[in-house]
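The values are calculated or read from the model by the stated rules, or taken from the named source; none is laboratory data. This one's a predicted model, so the numbers in the text were calculated from it and none came from an experiment. So basically every Cβ, Gly included, is an ideal-geometry build from the backbone, and we count neighbours across all protein chains shown.
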Amino acid sequence: MTPGPPTSQRSRAEARFRPLVGAAALVGLVLRLAWVRYATREPQGLFDPARYVGYARVIADGQGMIEPWSGHPTAYYPPGYPWFLGILTWFTQPFTDQVWTVAAVTQSILGAATVVLAALVARRLAGPSAGAVAAVVLAVYPNLIFHSGAVLGETLYNALFMAFLVACLGRRWPDDITNRRALLAGLLLGLAVMVRPISLAVLPVAVGVWWWSHRDRRRALVQGALLVAGVVACMAPWTVRNALRMDDLVWMSTNTGDNLCIGHGPGATGAFSARDECATEHNFLDGPAAEIAADREKTRIALDAIREDPGREPWLTWRRFWYMWLRDGDHDGILAVQSYRTDRFIPEATEARLSYTADVVYWAVASTGAVGLVFLLRRRRPEDLLLVGSAVMTAAVPLAFFGDSRFKVPVIPLLIVASACLAAEVARQVRAVDRTDAGPGDPAGHDLSDAQRPTR
């Protein structure tokens with residue numbers, strides 16, 4: 001029997017963990033609800049938020065996901081967020097018809113829940129102090145607050161993906177990952193994929209890490225299969241629906257061609273733009289056949305452009321990175337709640353101050369988070385590699401399409417967790433230098449993570 005560490009910095013951090021995370025979640029909820037009260041309005045124009053509201057209403061009316069303007073079935077958007085809104089709309093119809101307000105309040109609650117989930121992930125990787133730091137930063141991170149008031153799927157996705165990580169990261173990796181828990185993790189990842197399909201790229205990372213970490217290869221194979229089965233179980237009904245209602249095989253959505261052509265077609269700049277080169281003779285209002293044909297034609301235009309001039313792809317990749325990560329900081333949620341300035345109601349001076357504050361916080365989190373990912377990568381523990389691989393895939397896959405500041409929102413919670421792990425490591429190193437009277441169970445006064453704690 002190995003004795004556990006005596007009462008120390010770690011035990012004090014453990015005692016403070018729950019109240020600090022609870023307080024952070026409460027602060028995060030209050031800030032989000034205050035922003036919702038100030039900034040949430042009915043979406044205008046033909047941007048994503050307004051179209052989501054239209055889908056939510058027809059889903060709530062029992063018509064399924066149809067194009068409100070034509071009445072034809074559609075699979076243009078991934079179904080996760082429209083159906084989330086549709087269920088909320090159906091449930092609250094007796095009380096209000098303001099889909100956008102119901103969505104924003106619900107997303108505020110999800111944002112507060114994500115604070116707790118991120119704290120649990122950071123605690124698992126680097127101890128309770130890291131968990132508390134992650135909770136505080138995520139609670140007050142400006143653009144995540146801004147997104148809670150926008151009719152966009154990032155807040156829902158972040159909650160689902162953090163729940164997936166919590167399900168994956170047991171307290172004794174990987175020995176306490178049961179088959180049931182593996183299936184649960186797959187279902188949570190599958191739900192996240194239904195909101196943001198490119199996150200399917202995380203699946204091979206998770207399966208690979210589990211395979212590498214398990215001593216029992218047979219068990220690893222079974223649990224990896226259950227993880228995949230959970231994802232497939234979420235995706236399969238929608239694919240079947242598309243085969244029946246769209247009369248073709250559409251595994252998720254028909255906007256891939258648009259995204260590829262915007263990013264790679266003739267005249268592409270790396271940023272979002274609606275260009276004549278990507279126009280086709282097919283009108284999405286003409287029904288499923290036209291929608292699918294347009295998707296395939298735009299994909300062909302993009303692939304032809306790549307084949308004809310492959311030398312421009314490195315430049316376009318850099319431009320996509322520039323637009324996604326560097327040019328605009330991280331305040332796109334302010335634009336989204338104003339229907340991308342077609343309904344500008346926030347005074348310019350206020351918008352400028354909020355944007356500046358958000359960008360300052362972003363650059364601090366992005367820089368420390370990048371260093372934190374390197375630190376976790378160098379530790380080479382399986383659970384660390386799961387977070388690093390998830391962050392890299394979540395950040396890299398959008399670069400295959402076009403660059404937009406919004407695309408990095410799902411990476412931010414992962415960078416916050418990595419930053420918190422780095423902060424906890426720096427604090428441990430400082431204590432290791434300064435503390436000369438540490439107990440024998442923990443000579444450096446370490447704030448041990450669950451994986452590092454001695455077993456009794």
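Miscellaneous remarks
- The numbered conditions (1) in contact with a Gly (Cβ under 9 Å, 6 or more places away or on another chain); (2) over 24 Å from G267 (Cβ atoms) are all true for Q338 except (1).
- Residue-level check: of (1) among the charged types (D, E, K, R); (2) crowded, with 17+ Cβ neighbours inside 10 Å; (3) closer than 28 Å to F146 by Cβ, E291 misses just (3).
- Selection status of A122, within 22 Å of L31 (Cβ to Cβ) and touching a helix residue (DSSP H, G or I) at 6+ places or on another chain (Cβ under 9 Å): yes
- Matching option when the condition is over 27 Å from Y52 (Cα atoms) and of a type in the set (G, A, S), among A139, A163, A159, A122: A122
- Qualifying residue in the range 1-18 (condition: at pLDDT 95 or above, over 21 Å from R196 (Cβ atoms) and not in a loop (DSSP other than H, G, I, E, B)): no
- Residues in the range 210-245 that are more than 18 Å from L169 (Cα to Cα) and of a type in the set (V, I, T): V232, T239, V240.
- Any hit, the range 93-103, residues being crowded, with 24+ Cβ neighbours inside 10 Å and either more than 24 Å from M194 (Cα to Cα) or among the small types (G, A, S) (or both): yes
- Qualifying residue in the range 70-80 (condition: part of a helix (DSSP H, G or I) and modelled with pLDDT of 95 or more): yes
- Enumeration of residues in the range 294-320 that are crowded, with 20+ Cβ neighbours inside 10 Å and either under 17 Å from S70 (Cα atoms) or free of Cβ contacts under 8 Å to residues at least 12 places away in the same chain (or both): A294
- Positions within the range 271-293 being closer than 16 Å to R245 by Cβ and without any contact (Cβ under 8 Å) to a residue 12 or more places away in the chain, in sequence order: A290
- W100 under 23 Å from L31 (Cβ atoms), aromatic (F, W, Y) and modelled with pLDDT of 95 or more: yes
- Of the residues R307, R327, the single one that is more than 18 Å from Y356 (Cα to Cα) and of a type outside the set (G, A, S) is R307.
- Close pairs (9 angstrom Cβ cut-off, 6 or more residues apart or separate chains): of a type in the set (A, V, I, L, M, F, W, C) in the range 341-369, loosely packed, with under 14 Cβ neighbours inside 10 Å anywhere: I346/Y38
- Pairs, first surrounded by fewer than 24 Cβ atoms within 10 Å (Cβ to Cβ) in the range 133-149, second in a helix (DSSP H, G or I) and of a type in the set (S, T, Y), C-beta under 6 Å, six or more apart: P142/T357
- Considering (1) more than 15 Å from the chain's Cα centre (by Cα); (2) buried (at least 18 other Cβ atoms within 10 Å of the Cβ), the lone condition that Y356 does not fulfil carries the number (2).
- Pairs where the first residue, in the range 398-419, is free of Cβ contacts under 8 Å to residues at least 24 places away in the same chain and under 16 Å from I145 (Cα atoms) and the second is of a type in the set (G, A, S) and assigned to a helix (DSSP H, G or I), C-beta under 8 Å, 6+ apart: V411/A391; V411/A395
- Test: residue in the range 309-325 that is out of contact with any helix residue (DSSP H, G or I) (no Cβ under 8 Å at 6 or more places or on another chain) and of a type in the set (D, E): yes
- Listed by first and then second residue, the pairs with beta-carbon distance under 8 Å, at least 6 apart or on different chains, first residue in the range 220-247 and in contact (Cβ under 8 Å) with a residue 12 or more places away in the chain and within 27 Å of I292 (Cα to Cα), second among the acidic types (D, E) and crowded, with 20+ Cβ neighbours inside 10 Å, are M246/E291.
- Within the range 168-187, the set of residues being in a helix (DSSP H, G or I), in contact with a Gly (Cβ under 9 Å, 6 or more places away or on another chain) and surrounded by fewer than 24 Cβ atoms within 10 Å (Cβ to Cβ) comprises R181, L183, L184, L187.
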